[in-house]
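Report on the structure given below.
Please treat every number below as a calculation from the coordinates, not as lab data. These numbers were taken from a predicted model, which means no experiment stands behind them. Note that we place each Cβ from the backbone using ideal geometry, even for glycine, and neighbour counts take in every protein chain shown.
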Amino acid sequence: MELFRDTNFDFLGKKKIFIVLSVVLLIAGITSLVMKGGPRYGIDFRGGAQVYAKFASKPPVNEIRNSIGAKVPGNVSVQELTGDNEVIIATELREEAELETIRQTIFDTLEAQFGGGGDKPDLNTISSELLADRLAVPLTRNGVNINDEERKTLAQAIVVFRDTNRSGILSSVGELSAVVGVNEGVRKTLEEEFSIGTFTIRQVEVVGPKVGEDLRRQAILATLYALGGMLVYIAFRFEWIYGVAAVLAVFHDVLITLGLFSIFDKEISLTVIAAFLTLVGYSMNDTIVIFDRIRENLKITRREPFPDTINKSVNQTLSRTVMTSGLTFMTCLALFLFGGPVLNGFAFALVCGIVVGTYSSIFIASPVLAYWRHMMDARKGPAKPARSRA
């Protein structure tokens, strides 16, 4: 399928516009990075605790931030997940020994602020093991005679029902009547011995500062290794200048995307690094397609000026570029708009990277080749006229 047939756009003639645009974006991004002291790293790289908490109603974000910020040192961020009554509470760590203390402080603060209250355990936050232990004596007192194994099974069934059927939040003990084994005596025991809070902890992620530093170093090395491997591959398949041009274009894409992350104050996490590596491969593939067509056309039209060969090659691959990049862009844009906060950084990197990577293959990598060929031709000097035979 061809969207464009026999096009003859002068792409190299418009290269200055896009080079200026790239320079502006690079300067803006680097300035932002310098002013902010580098990228804004997520918990994966700076170390810290990240707690996913779900509430029975719309979570009071400011109240959560203020209550935890008063007890936890350093920066505390609270991000609301749209439509799920769920928040992500993230804190930074400076010492490995702070891990357990910070996590427990977050739990205790949320429990004191939004828990069931009193000395009774909260059914929305209790584990199945602790629930089974706390039920032992009260069940017997209310005439429910079951052995230890049956009590553990009952506790497990209650927690599974709470987490799967009620998304971790029970509004009343009466909801547990649907659980097998919860009879009148069990229900009465639960009402007497437990409270019902307005929140639950869905997930906890903890990364130590040393681990975060190692991950940051490995992410940088992974990106550099990818670029180095591609440089060697393209230099072997084409010529070394093709490899240099392609790597310069990809390096340009990564720097601009990283600068946009800083400008829009977005976090760099492991998923974002995965998007960066995906961007490296995607942009490189697009560049190789154009380079391959340039090489084929050079064999056919040896006497044609090199810039004309580049323009012809880009025009011949234009339909493929628009279809591939366009469809991928629309998919990533949908992920960015509707994928939620968790995937926002990943999708943002791909959306920016696809746009920048597509135009860099045409307006950055190709002009590098044209400039190199022009410089080589200038060194050779004008062709000497053939001597006439006497």
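For this structure, a couple of remarks:
- Sites excluded, trypsin sites (Lys or Arg not before Pro) in DSSP loops with at most 10 other C-beta within 10 Å, longest stretch of the chain: 6-301
- From its DSSP helices (H runs of at least four residues, each -39,500 (n - 2.57)), the chain gives a residue-normalised ellipticity at 222 nm of -20500 deg cm²/dmol.
- Of Ser57, Ser77, Ser361, the one that fluctuates the most in a GNM where the chain has Cα springs shorter than 10 Å: Ser57
- Compactness index (Cα Rg / 2.2 N^0.38 Å), the chain: 1.43
- On full extension, the segment bounded by Arg65 and Glu192 gains 42.5 nm, given 0.36 nm per residue less the C-alpha separation.
- Selection from Val179, Asn165, Asn142 lying farthest towards where the dipole of segment 128-202 points positive, charges on Cβ: Asn165
- Basic side chains Lys and Arg get +1 at the Cβ, acidic Asp and Glu get -1 at the Cβ, and with that the dipole of the chain about its Cα centre reaches some 2940 debye.
- P(r) weight above 21 Å for segment 142-271, C-alpha pairs, percent: 65
- Flagged links, alpha-carbon separation over 25 Å, of Lys71/Lys210; Lys54/Lys266; Lys120/Lys188; Lys15/Lys266; Lys14/Lys266: Lys15/Lys266; Lys14/Lys266
- Taking Lys and Arg as +1 and Asp and Glu as -1, the other residues whose beta-carbon sits under 15 Å from that of Gly168 total -2.
- Folded to 0 to 90 degrees: helix 366-380 orientation relative to the chain principal axis, Cα: 30
- Computed extension length for Glu184-Met323: 43.7 nm, one decimal, from 0.36 nm per residue of separation with the Cα-Cα distance subtracted.
- Springs between Cα atoms under 10 Å define the GNM used for the chain, and in it the highest mean-square fluctuation of Thr200, Thr324, Thr287 occurs at Thr324.
- Structure remark: mean-square fluctuation, Gaussian network model of the chain, C-alpha springs under 10 Å; the largest value among Asp44, Asp253, Asp119 belongs to Asp119.
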